[in-house]
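Everything on this sheet refers to the single structure shown next.
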Amino acid sequence: MRGITQVALAGAALALSCTAALAQKETADAIARYRQLLQDGNPAELVVARGEALWKEKRGPKKTSLEQCDLGLGPGVVKAAYAQLPRYFSDTDQVMDYESRIVHCMVTLQGFDRAIAAKNPFSGAGQRQTDMEALTAYGVEESRGVPVNISQDHPKEKAAFDRGQQLFYMRAGPYDFSCASCHGVTGQRIRLQDLPNISQNKEDAARAFTTWPAYRVSQGTLRTMQWRLNDCFRQQRWPEPVFASPATVDLITFLGVNANGAKMDSPSIKR
Amino acid sequence: MKRNFTSPLALSFIVASLIGCAVYTAPTREETLQVVKGSFQDRGIAKLDRLDQSELQVACSEVALTGKELPKDVRARLEKQALATVKLPADGVYLGDFKQGERIAQTGVGLQWSDNDKTVAGGNCYACHQLSPQEIAFGNIGPSLRGYGKQRGNSQAVLSYTWGKLWNSHAYNACSQMPRYGDANILTTAQIKDLMALLLDPNSPVNK
């Protein structure tokens, strides 16, 4: 009965609050509480465990594990590696993000065909996590609490940032949208979803970068940074970014450098 | 004095290498565009030609990137060009059904690769604007449109302006963030009439 009275009272209070702003604030507060409740028991832990097992498993034509994969801190070093990616790699003469580098190691160490290693990187809603997602979850967990430290020393790292910045502001497609259409002003929302100002607000950029990959409750699956960009471009009405393509690495470099110094806190859990 | 033996040749080498470091030049727009175009692919209805930017898209991207304002003459020209695209309703009827308008304002699908060419697109107005009072899940990228018609009335000037804004928002603000619902064939003329009614019909919840 007490619950019903509370609901009735809350309903009456809501009806009395004649401004939409108040009702909206209450909704936003409820969403914030919901997010807080989700923090306990993140299903991403299971994905991390599977990723670690996959990392150590002898796979591919060469029947080799990924344990000698060089993520930028030397062969076999996973600890703190995610937090310094994307970076320049002299063996490929390219700037690579974590997911591109995993593809690279699957090709060079395990002997997979590149097309196979980069195929279907994202799971469907509620489906089993892909190997790429599991390996990424494991990698980022090994950087939890590590400050983001993305280098801008190499000219190719600088060029990646600059192209990423240009791409961020590039308006195109039938809706004329750029990344900045939604992520260029502080305090903006789509419906009730807060939008981080990734380009100009250090705090927002840090929170966004350090909380991907994330377990998406609404989709029942773990999502990576490459997926985050992919789904933004879908809503931007652009064509599809090729998984691990140069422009995606450029954009992640731009986002990452803006978050330098903030501590990684991922896999996180989101709505 | 004993370390003072730097030859002019060595000095010029040092200067040259310092300059070499300092002259890192950022990739040009064209160079970036080439990398971007090589990094995307067709998917469903979302084809690569969507990356071919219009003059307005190029100009407004530059404004956003640099923070500089559009030169006055460029702004005037782009707005004039946008205004010229606006097709006013041939039958002279501007207002459709505000109930349909509310549905169109609520719907956000259309023109994504997850849609197809049979998908009836929505306007997704609530993503950015406040409209009817009963919908509290509204965004704030655009201004509140609550009471839009009540404040402005239904004069021909208001009808033409509002129609033009929905058809091609750049007609009145060169670098507006709002999609060109008519010009880009996102919504049909009938759908735009319904949105007009949502905004301007005295019986629409927007004006209650």
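Here, each number is a calculation from the coordinates, and none is a lab measurement. Here the structure is a predicted model, which means the values were calculated and not measured. Using ideal geometry, Cβ is built from the backbone for each residue, glycine included, and neighbour counts are taken over all protein chains shown.
Brief remarks follow.
- Phi angles of segment A:50-61 translate, via the Karplus equation with coefficients 6.51, -1.76, 1.60 and θ = phi - 60°, into HN-Hα couplings of 5, x, 5, 4, 5, 4, 8, 7, 6, 9, x, x Hz per residue; Gly and Pro are given as x.
- The trypsin sites (Lys or Arg not before Pro) of segment A:94-139 that meet both conditions, a loop assignment by DSSP and at most 16 other Cβ atoms within 10 Å of the site Cβ, are A:K119, A:R128.
- Under 5 Å, built H, 5+ apart or other chain: amide partners of B:F40: A:V242
- Added length on full extension, which subtracts the Cα-Cα distance from 0.36 nm per residue, A:L38 to A:Q193: 54.1 nm
- For B:K193, the aspartates and glutamates whose Cα comes closer than 12 Å to its Cα, not counting residues fewer than 8 places off in the same chain, are B:D91, B:D97, B:E102, B:D201.
- Stokes-Einstein D (µm²/s) once Rh is taken as the Kirkwood radius of segment B:24-208 over alpha-carbon pairs, at 25 °C in 0.890 mPa s: 136 µm²/s
- Its convex hull of Cα atoms gives the protein assembly as shown a direction-averaged projected area, equal to a quarter of the hull surface, of 31.4 nm².
- Dipole of segment A:44-270 [Lys/Arg +1, Asp/Glu -1 at C-beta], most positive-end residue of A:L73, A:W227, A:M264: A:W227
- Relative to the Cα centre, the charge distribution of the protein assembly as shown, modelled as +1 at Lys and Arg Cβ and -1 at Asp and Glu Cβ, gives a dipole magnitude of about 520 debye.
- When +1 charges are put on Lys and Arg Cβ atoms and -1 charges on Asp and Glu Cβ atoms, the dipole computed for chain A relative to its Cα centre reaches about 560 debye.
- Straight-line cross-link reach from B:K87 at under 19 Å between alpha-carbon atoms covers these aspartates and glutamates, not counting any fewer than eight positions away in the same chain: B:E79, B:D183, B:D194.
- If you model segment A:44-270 as an ellipsoid using its alpha carbon gyration tensor, with each semi-axis the square root of five times an eigenvalue, the axes come out at 27, 19, 17 Å, biggest first.
- Sequence-distant residues sharing a close amide H with A:T64 (under 5 Å, placed H): A:R59
- Within the protein assembly as shown, helix-based [θ] at 222 nm, where runs of 4 or more DSSP H residues each add -39,500 (n - 2.57), nearest 500: -13500 deg cm²/dmol
- Relative exposure of B:C60, A:C232, judged by other C-beta atoms within 10 Å (fewest first): A:C232, B:C60
- A:P147 sits among other residues whose Cβ lies under 12 Å from its own Cβ, and their net charge, with Lys and Arg +1 and Asp and Glu -1, is +1.
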